[in-house]
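So the structure is just underneath, and the comments pick up after that.
Just so it is clear, none of the values below were taken in a lab; they were calculated from the coordinates. All figures in this text were calculated on a predicted structure; none of them were measured in a lab. Ideal geometry is used to build each Cβ from the backbone, glycine not excepted, and the neighbour counts take in all protein chains shown.
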Amino acid sequence: MTENAVIEPLPEVTGRKWSRACTTDEVPEDEGLLLTTLPKTSVFAADGEFYCVDDTCTHETYSLAEGWLEGCIVECTLHNAKFDLRTGEALSPPAERAIAVHPVIVKNNVVYVALPQNYLVKSEQA
Amino acid sequence: MNQLQHIAIIGASAAGVAAAGAMRRGGFDGTITLHDGGRHLPYERPPLSKSAVSRGLKEIQSATSYAELEIELLLGQRAVALTTDREVIFDSAPTIRPDRVLLATGVSARRLPVSGAELHNVLYLRDAGDAEALSAELHRGGPLVLVGGGFIGLEIAAVARTLGIDVTVVETQERPLFNVVGPEVGGLITALHHDRGVRIITGREVTAMRGSKAVEEVVLSDGRVLPAATVVVGVGVVPNDQLVRTHGVKLSGGVVVDAHGQTDDPWIWAAGDVAVRRHRHLRRVGRIEHWDTAQRHGATVGSSMVGDLQEDTAVPYVWSDQYELSYQAFGRGEPTDQVVLRDGAQPDEFLAFSLSEGRVHAVAGINRPRDVRAGRSLVESGATVSAEALRDPATNLRRLPVLGGATK
Ligand SMILES: Cc1cc2nc3c(=O)[nH]c(=O)nc-3n(C[C@H](O)[C@H](O)[C@H](O)COP(=O)(O)OP(=O)(O)OC[C@H]3O[C@@H](n4cnc5c(N)ncnc54)[C@H](O)[C@@H]3O)c2cc1C
Ligand code: FES
């Protein structure tokens, strides 16, 4: 992913920085796309909307990009915790804590995500 | 439901904790007391057999969540009797008279009835104390003899091999896990352990254990003698139904409950491992001993107890970590099922389906989490599918063509 290089300015979000995450068609249908960030984040396409969340399940450490997507709910395929992509809320045990959700803007089929300043964004090696 | 003022839950683990939360979230505003004989904040049991390094207990939910939900968590309170006057008597706490009581007492390890079984270093694994004792023994070294090749036993075998300990598994069946997952999957998992140096002796029983104070030898039915520094016995479980044994409540390998968790005494309910029930996706009435299922059953029974009648119909799910791999399964096969293995099955990566009349009743796998999850949807739908398609690694299970209508 790359930081900005955006023609039209994206709205300021306090404490966050916009990055180009991917194109819309790079996001798979039934699972997430893992981004090259630290902490790990992933992008999901659900019901025509795009969402960006912290990728690590709050139960143990499984990747939610590997999860099972149904509507706006991603289910961790290790022990079945469920999270709402819109709010990050943990909807089902064994997880108790929410995952962080990040603002997303789609322009010209490109997905931009606003990650907190302290997240590391690794650039793509083209 | 306003005549309900106090509900008591006996057993604060997967089922009991989930039930308490569901009662409160369901709008019940009376007293909820959650009693457990143990003294630890309710913790996850599955990690106990998956590592010998103590990372501390993983709590089921945060310590503060009980107060937030106004659940009175009462640790160190072992219930000793339920009386016909609807009292619960404890070993060292005042008697209570709740309006309803939930048994979420789980199961205990079945003891091995052979001479020498009481020797030091003959261990069982059910709770935090057992795990601590086992971990200390494993760090002293081997050889380790596991009596019984069930999932928990094999997890311990994997942990011990990772520590470089000499491990022997003694199994009475012709193959470990034979009764649990059938010969095909049992064979793959056996191979996994064999490849990593676990010695597996099948079709033999342990007839005695010998030693002066601590165990030193295990004697088998064919006369063989195995040296042992530690023995872990995993030969099945017995339900903790003592509290209602003389109560007239129907028992059948556990406490028999209806779809909502009620026994034939309207005062007494049961959830989790101790409960015996009919399940929409299983073909046999019985106990289900899985963490995820115990939580879901606890939650639905908790809701039902406060008047919101619910039934747990989620396809039973179990996982087991063997070395760095995760075995996962939904549903339950029966011995008469057709077992279809996806082509290319290896001990460390496989997918297996149990079919009957073209319907998938169970799916199991190692290293195929999304396919196993897709298999759950096949179990849920009850649709007729082609065994050929299941066998083909190129098939996208999420888009599997359905041959016949869903009839469930
Ligand atoms: C070592 C181990 C590893 C496991 N690994 C897995 C796994 O990987 N995946 C999986 O799906 N399942 C696993 N399981 C099974 C899973 O842990 C159980 O299905 C689950 O714990 C059942 O929950 P429960 O609440 O019904 O009962 P339990 O967890 O057994 O809890 C019962 C509670 O009741 C209390 N109690 C009993 N009698 C009384 C009494 N008279 N008064 C007060 N308190 C009482 C006990 O102290 C205990 O805390 C494992 C189990 C063990 C032991
Ligand atoms: S790691 Fe996601 S549910 Fe356990």
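What separates the Cα centres of the stretch B:46-118 and the stretch B:257-291 is a distance of 18 Å.
Applying both filters, DSSP loop and at most 11 other Cβ atoms within 10 Å, to the GluC sites (Glu not before Pro) of the stretch B:46-150 gives B:E118. The label point for B:H6 and the one for B:V225, both projected 7 Å from the Cα toward the Cβ, are 5.9 nm apart. The alpha-carbon atoms of chain B define a convex hull whose volume equals 149 cubic angstrom per residue.
Between B:T162 and B:N396, the FRET efficiency estimated from the beta carbon spacing at R0 = 41 angstrom works out to 0.70. Here, the stretch B:71-177 yields an orientationally averaged convex hull projection of 10.3 nm² when only Cα atoms define the hull. What's the percent breakdown of Cα-Cα distances in the stretch A:6-54 across 5 Å bins, shortest bin first? That works out to 5, 18, 27, 23, 20, 7, 1, in percent per bin. Under 5 Å between amide hydrogens, built in the peptide plane, is the criterion, and for B:V360 it picks out B:V385 among residues at least 5 positions away or on other chains. With the simple model of a label 7 Å out from the Cα in the direction of the Cβ, B:E217 to A:K107 spans 8.1 nm. Using every pair of separate Cα atoms, the Kirkwood estimate puts the hydrodynamic radius of the protein assembly as shown at 25.3 angstrom. Could you grab the Rg to Rh ratio for chain A? Cα atoms only, Kirkwood for Rh. Radius of gyration relative to Kirkwood radius: 0.96. Starting from the Cα of A:K122, draw a straight line to each of the lysines and keep only those under 19 Å, dropping any in the same chain fewer than 8 residues away. The reachable lysines, counting only those whose Cα sits under 19 Å from A:K122, are A:K17, A:K40. When Rg and the Kirkwood Rh are both derived from Cα coordinates, the Rg/Rh ratio for the stretch B:347-389 amounts to 0.96. Of the GluC sites (Glu not before Pro) in the stretch B:290-394, the ones in a loop by DSSP (not H, G, I, E or B) with at most 12 other beta carbons within 10 Å are B:E324, B:E357. Projecting the Cα positions of A:V113, B:L75, B:Q61 onto the charge dipole of the protein assembly as shown (unit charges on Cβ atoms of Lys, Arg, Asp and Glu, taken about the Cα centre) puts B:L75 furthest along the positive direction.
Of all the options B:T105, B:T172, B:T246, the one that moves most in a Gaussian network model of chain B with Cα springs shorter than 10 angstrom is B:T246.
Here the Karplus relation 6.51 cos²θ - 1.76 cosθ + 1.60, evaluated at θ = phi - 60°, turns the backbone of the stretch B:116-127 into coupling constants of x, 5, 8, 4, 4, 6, 9, 10, 10, 10, 10, 10 Hz, with x for every Gly and Pro. Summing Lys and Arg as +1 and Asp and Glu as -1 over all other residues whose Cβ lies under 14 Å from the Cβ of B:Q310 gives a net charge of 0. Loop-resident GluC sites (Glu not before Pro) (DSSP state other than H, G, I, E or B) in the stretch B:160-222 with no more than 12 further Cβ atoms inside 10 Å of their Cβ: B:E174. Here the Kirkwood formula puts the hydrodynamic radius of the stretch B:1-53 at 12.6 Å, using every distinct Cα pair. Here is the short version for the protein assembly as shown: A:C22, A:C52, A:C72 have no other Cys C-beta closer than 4.7 Å. Electrostatic tally near B:R332: other residues with Cβ closer than 10 Å to its Cβ, Lys and Arg +1, Asp and Glu -1, net 0. Shown in residue order for the stretch B:345-359 are the 3J(HN,Hα) couplings computed by the Karplus curve 6.51 cos²θ - 1.76 cosθ + 1.60 at θ = phi - 60°: 4, 10, x, 9, 6, 7, 9, 9, 10, 9, 10, 9, 6, x, 9 Hz (x for Gly and Pro). Here the ratio of the Cα radius of gyration of the stretch B:324-407 to 2.2 N^0.38 Å is 0.98.
Once you list every other residue whose beta carbon is under 15 Å from the beta carbon of B:V122, what net charge do they have if Lys and Arg are +1 and Asp and Glu are -1? In short, +1. Built from the Cα atoms of the stretch B:122-231, the convex hull projects on average onto 6.6 nm², one quarter of its surface area. A Gaussian network model of chain B, with springs between Cα atoms under 10 Å, assigns the largest mean-square fluctuation among B:G375, B:G116, B:G56 to B:G56. Estimated purely from DSSP H runs of n ≥ 4, each contributing -39500 (n - 2.57), the mean residue ellipticity at 222 nm for the protein assembly as shown is -5500 deg cm²/dmol once divided by its residues.
The C-alpha atoms of the stretch B:56-107 occupy a region whose extents along the principal axes are 38, 25, 19 Å, arranged from largest to smallest.
Between B:V80 and B:T202, the FRET efficiency estimated from the beta carbon spacing at R0 = 35 angstrom works out to 0.30.
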